[in-house]
Every structure is written in C-alpha cells, then in structure tokens.
C-alpha cells in the first residue's frame, strides 16, 4: 500500500499543528494583534500629522509675531528719529533765541556805554566851557555885577548842558 515515509508524517504533523492552532484560535489572536499594531501605528501617524500641523500653525504664528515686532520696531525707530529731529529743531531754536537775546544785551550795553560816553563828553565839555567862561568873564568883567553874571551864567550853562 502506501509507504509511509518521514515526509508523510511531517506533513501530517504539520496539518495537525495548523489544525490545532486554528482550533485554539491562534489565527484570530494573530489577526487581533496585527489589527492592534495597525491601529497603534495609525494612531501614531495621526498624532504625528496633528503635531506637524500644530507646529506649522505655531511657526506661522511666530512668523506673524516677528513681522509685527519688526513693524513695531520700525515704528519706534521712526518715532525716535522724528523725536530726535524735533529735539534738534527745538535746540536750534533755543540756541538762536539765546544768541538773539545775548546780541540784544550786548547791543544794549554798547548803547548804554555810548550814552555814558556821550554824557561824560558833554559833562567834560560843559565843565570846560564853564571854566573857560569863568576865566574870560573874570578877566573882562569886574565887581559885583561880574560876580552875579558869572554865577548866573555858570548855573545856566550847567542846567542846559546836563
């Protein structure tokens, strides 16, 4: 009949082994394990995709914030430049006003010195005129009339010249 050799028995043992595995539900456990692994890998991929989208949203937000910060910095710089120009113009105006005030003060001092010099010259001229008139009149006019004329003349010259 049949010769039963070792290969036959290995095949029979293999069929019984596979049948035992099927009977015990090993194939279902393997499918269940593979499904769990597939679900875990899918969840990890979904999480990775969610994290990637979140990272892209954060990157876009930070880039927007950076642009806003750059615009704000540019505004601050423009404001600082305008403030500096205003301060320069204000300082220039104050300096010009100071110089004008100092010039007016110097001109007033010069005018006062000129007036004082003119008054001194007039006083000196008056004193010289009085002295000269006194000498001339004392030599020409003598007596009580001469003394009255001299005193009256000197007083008139003093009041008119001062």
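What to note about this one:
- Any chance residue 55 is surrounded by 10 or more Cβ atoms within 10 Å (Cβ to Cβ) and within 12 Å of the chain's Cα centre (by Cα): no
- Residue match in the stretch 17-24 (condition: in contact with a helix residue (DSSP H, G or I) (Cβ under 7 Å, 6 or more places away or on another chain) and modelled with pLDDT under 95): yes
- Residue within the stretch 25-47 that is free of Cβ contacts under 8 Å to residues at least 24 places away in the same chain and on the phi > 0 side of the Ramachandran plot present: yes
The values are calculated or read from the model by the stated rules, or taken from the named source; none is laboratory data. These numbers come from a predicted model, not from an experiment. Ideal geometry is used to build each Cβ from the backbone, glycine not excepted, and the neighbour counts take in all protein chains shown.
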